[in-house]
Structures are given as C-alpha cells and as structure tokens.
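Novice: Before I ask anything, let me first share the structure, which is written out below as structure tokens.
Every number here is computed from the coordinates shown, using simple stated rules; none is lab data. Note that the structure is predicted; figures quoted are calculated from it, not measured. Positions of Cβ are generated from backbone atoms using ideal geometry, with glycine treated the same way; all protein chains shown enter the neighbour counts.
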Amino acid sequence: MLGRLYPDLGELLRRIGGVQVRNAGTLGGNIGNGSPIGDSPPALIAIGATLTLRLGDVRRAVPLEDYFIAYGKQDRRPGEFIETITVPKPTPGAAFRAYKISKRFDQDISALCGAFLIELADGVVVRIRIAFGGMAGTPKRAAGAEAALLGKDWTLANVTTAMARFACGFHAA
C-alpha cells in the first residue's frame, strides 16, 4: 500500500535486506531499534509520519522526527511500544523521492539515505521536508536547507543556496 502512495518508498523498502529479512522484519522494528542508518526513518520523516506509542491503555502520538533523541536514545518510555505508524497520504502536487547509497544495491545496510518531499505552487516552494539517515547519531531533517528553499522560487540559484546551507550542517527542525 505504501508503495502505491509513495513509489520511491516502495522501492526503498524493497531494498531492505533479503527476502527473509523483509518477511520477518517490521516497519515498527526498523524504527524502534533507533539505528541512525535505518532505511525507513528518513523517508517516513520526510513524508511526515507519526507514531502512536502505547503503554497499557495509554497512547500518545509522537511525530517520527521527534522520536529520535540521540544515538541509542528514543522517546519511548519503559514498557511503551510502537502501536501504529500513521503515514499521511500525498497531497496533490507534492513530489517525493528517496535515495539509498550502499556498497551493494540490494541486501545491504545504508551508508546514507536521503528523502525529499517538495510541493510547489506557481513555481514557489510552499512545502519542503528533507531528511537524512547516516549523517548523524539519529535520522534528522535538513532544517537549514529547508529554510533556504521555503517560500522561494524553485530555481537553480535557490537550490545552490540551500546546498550551501546544508553543507554547514543540519539540525532537528
């Protein structure tokens, strides 16, 4: 289903491990282990996914980008588990792309994973979410690059400015 909504996400998920790993693993497990090089978190962060964490009858919603606090530390209380992952449907006019770099094309852990969601109106960036895994202790959004593009015309000059902002580092949005 996710692959029909977001074809690049479907392709990214197809490249996770071998068939046995994909059949035994879960999307929640890929997120829950908190790895900074997990394949699904950057894409789901760019898309704007939200987790529902549950402990007994108590549930709380956490944007996926806020779930990752530091290397090896997630916003999950003792005994809490990921009950659901809510992925918003794409909005008309939004474009989503995801890219995985690894030593082997298939069945290999990511060295770097980048995901980009952009929406334009009359050539102006009205929504942008850029997330990476493998560049820090947690998957993160490239807030500086996003800020350099939001509200600007989609031009090579503005993309170049955003790239320079990205080169200076990125932080949680």
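Novice: Considering Cα pairs under 8 angstrom that are at least six residues apart, work out the relative contact order of the chain and quote it in whole percent.
Specialist: 22 percent
Novice: Which residue, 58, 87, 125, has the most motion in a Gaussian network model of the chain that connects Cα atoms within less than 10 Å?
Specialist: Comparing 58, 87, 125 in the GNM, the peak value goes to 58.
Novice: May I ask you to sort 153, 57, 8 by Cβ crowding, counting other Cβ atoms within 10 Å and putting the fewest first?
Specialist: 57, 153, 8
Novice: Would you mind ranking 155, 138 by Cβ crowding within 10 Å, fewest neighbours first? Before the final figure, lay out each step's value.
Specialist: Details: 155 12, 138 21.
Fewest to most other Cβ atoms nearby, the residues stand as 155, 138.
Novice: Report D for the chain in µm² per second (integer): Stokes-Einstein, Kirkwood Rh on Cα pairs, 10 °C, 1.306 mPa s.
Specialist: It comes out at roughly 95 µm²/s.
Novice: What FRET efficiency comes out for residue 158 versus residue 58 if R0 is 41 angstrom and r is the Cβ-Cβ distance? Round to the nearest 0.05.
Specialist: Step by step, r from the Cβ atoms, then E = 0.40.
Novice: From Cα pairs below 8 angstrom and at least 6 apart in sequence, can you work out the relative contact order of the stretch 43-136, rounded to a whole percent?
Specialist: Across the stretch 43-136, relative contact order equals 26 percent.
Novice: Something else about it: Enumerate lysine pairs in the chain that are 8 or more residues apart or on different chains, then count those whose Cα atoms are under 23 Å apart.
Specialist: So the count of such lysine pairs works out to 6.
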